[in-house]
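Please read the structure below before turning to the comments.
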């Protein structure tokens, strides 16, 4: 159970990332069992605006309930396709070829992945390579520092460890009709991936914003989490020609539809360690609504494909918005 975990003990032997961290982490080796709400997930996205193709996929392992889940979202010419599958953990193949539709391959740890997704109306074959090095968020702020800053309550509801990487996706999209391919598009798009492992108790999170905004020469990647009494936030601006800039404070204002929760646009005022400010604005192109009901309430995720602007530059990416209500 979560309350039995000593988080300082959990992180006392933390070591730098290695290639092995691309794969599953076994907390049970140290504590005899996986913590409750343990979640390990691999997330990938890319945006190809000229081809009007948007892609998001998430593979997650829920060790305490012994289930694995895969989610794949494709938006092609405005048509949304959402694929979900749940597999008992003991039936999960070691090579991650989950079923006839979706397969993941780690080609080169910390650098390159391949994803194959075949549906009735299309085949998508994508190679994903890092365009900036993997960033270990534990290097920005050590987990033990987080404990001192926010208390262990934060770590009991949100994943403790994660790394992220801006990427470039290349490959092919084959459109099908009646089982036959009638159009092939060459895919090239900027994207993002992350890998997190630890506890994530969705309904106990009041809300969050997570952004991966891709520009030609930089990526802005940040998050702000709203929990009772605390608001953890952090981010980074990756650049081709400069050192990474660490974001310490994020102010968010969002305009929604009449329902009061579906985002239309957001403005993020980002403040770095030196006190410099930047304004990042997002305008939603397409939004996918993902409800996560539980016995304790409802978590609602809006996965938004967005056009971003910052300092006169235009890019695109994902603006993820989450809100929870508890019964």
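Determine, yes or no, whether residue 220 is in contact with a strand residue (DSSP E or B) (Cβ under 7 Å, 6 or more places away or on another chain), within 19 Å of residue 162 (Cβ to Cβ) and surrounded by fewer than 18 Cβ atoms within 10 Å (Cβ to Cβ). No, not satisfied. Determine, yes or no, whether residue 51 is in a strand (DSSP E or B), within 30 Å of residue 316 (Cβ to Cβ), modelled with pLDDT of 90 or more and not assigned by TED's automatic domain parsing to the domain that holds residue 307. Taking the combined requirement at face value, the residue does not satisfy it. All of 129, 103, 114, 120 fail the test of being in the same structural domain as residue 185 (by TED's automatic domain parsing), part of a loop (DSSP other than H, G, I, E, B) and either at negative phi or in contact (Cβ under 8 Å) with a residue 12 or more places away in the chain (or both), apart from 120. Of the residues making up segment 236-258, just one is in contact with a helix residue (DSSP H, G or I) (Cβ under 9 Å, 6 or more places away or on another chain) and under 17 Å from residue 318 (Cβ atoms), namely 236.
The values are calculated or read from the model by the stated rules, or taken from the named source; none is laboratory data. Nothing here was measured: the structure is a model prediction, and the numbers come from that model. In this analysis, Cβ positions are derived from the backbone assuming ideal geometry, glycine residues included, and neighbour counts consider all displayed protein chains.
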